[in-house]
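So the structure is just underneath, and the comments pick up after that.
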Amino acid sequence: EAAVTQSPRSKVAVTGGKVTLSCHQTNNHDYMYWYRQDTGHGLRLIHYSYVADSTEKGDIPDGYKASRPSQENFSLILELASLSQTAVYFCASSRQSSQNTLYFGAGTRLSVL
Amino acid sequence: QQKVQQSPESLSVPEGGMASLNCTSSDRNFQYFWWYRQHSGEGPKALMSIFSDGDKKEGRFTAHLNKASLHVSLHIRDSQPSDSALYFCAASDGSNNRIFFGDGTQLVVKP
C-alpha cells in the first residue's frame, strides 16, 4: 500500500518560533499536499506541489511556506508560529490524474503556546 | 461558500443497523467524488470512489451519485463498532488535481 510518513507526530512550539513539518512518500507520486484539520472543520488545503522545486498555494496559504526539494519530500514551514496555527496537519500524495485518490500520512499534532 | 456540504454532522446507529450519510456540492463542474474515513488518531483513508451516476457497492458499503442534483450518499449496511469514525465527502472537477472536502460526519455505532 502507498506510504506517506510524517514527522514529527506531535510538536509543541512557542509563539513566534519557527516550525518545520516534514513529509516523505514512497509512492512515486507526482503530487503532494499539505492539509490542515481543525475541530469542526474538514480538511483545508494549505499548499501543494506537482513537481520538485515547485509549490502552489492552496486555499489557506497565509502564514505558511512549503518546500519540495525532491519528488519524495515535501515540507511545511511556519516562519513565525502563532496560536491560531494550533491544529493537526496532514500530508498526502496522489498520482497525476483526474481520478486522483489521496493517500494521507498519520498527521502531525501541532500545539503553539 | 463551502463547495462540499455534508449532513448530518453526527450520526448514531445501533450495531447491525443502517447508516446513511449525505453530501451535496455547489460546483456543477465536479465530476469525481470520494468518501474518506478517518479513525481517531489516524489520517483519512479513501473508502470509495464514485465517478458515474448510480450505485456502487463494495461489501457493506454502497455509494450513490446523482450528478444532476450534485448529490452523493453513502450507506453502510450491518454497521459495526469498527465503522465508528469521521467520514468525509470529497469532490473534484479533475482539472488541476485539487480535491475539496466537506466538514465530515461523525458516525458512532453503538454495540
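A DSSP coil position with no more than 13 other Cβ atoms inside 10 Å describes the following GluC sites (Glu not before Pro) in the range A:1-102: A:1, A:79. With R₀ fixed at 41 Å, the C-beta to C-beta distance from residue B:78 to residue A:28 puts the FRET efficiency at about 0.65. At each listed q (0.13 Å⁻¹), what is the log10 of I(q)/I(0) that the Debye formula gives for the protein assembly as shown modelled as equal alpha-carbon point scatterers? Computed log10 I(q)/I(0) values: -0.75.
What separates the Cα centres of the range B:23-66 and the range A:73-91 is a distance of 28 Å.
Loop-located chymotrypsin sites (Phe, Trp or Tyr not before Pro) in the range B:34-100 (DSSP state not H, G, I, E or B) with no more than 15 neighbouring Cβ atoms inside 10 Å: B:51. Couplings 3J(HN,Hα) for the range A:29-36, derived from phi with the Karplus relation 6.51 cos²θ - 1.76 cosθ + 1.60 (θ = phi - 60°), are 8, 7, 9, 9, 9, 10, 10, 10 Hz, where x marks Gly and Pro. For chain B, the relative contact order comes to 38 percent (Cα pairs under 8 Å, sequence separation of at least 6). Couplings 3J(HN,Hα) for the range B:94-111, derived from phi with the Karplus relation 6.51 cos²θ - 1.76 cosθ + 1.60 (θ = phi - 60°), are x, 7, 9, 6, 8, 10, 10, 10, x, 7, x, 10, 8, 9, 10, 9, 8, x Hz, where x marks Gly and Pro.
Taking label positions 7 Å along the Cα-Cβ direction at both residue B:56 and residue A:9, the computed distance is 3.2 nm, reported to one decimal. Modelled this way, with points 7 Å down the Cα-to-C-beta line, the labels at residue A:80 and residue A:99 are 4.7 nm from one another. Taken one residue at a time, the phi angles of the range A:62-68 give Karplus couplings (6.51, -1.76, 1.60, θ = phi - 60°) of 4, x, 10, 10, 10, 9, 10 Hz. Gly and Pro are set to x.
Values in this text are rule-based calculations from the coordinates and carry no lab data. For clarity, every value in this text was computed on a predicted model and none was experimentally measured. Backbone-built Cβ (ideal geometry, glycine too); neighbour counts: all protein chains shown.
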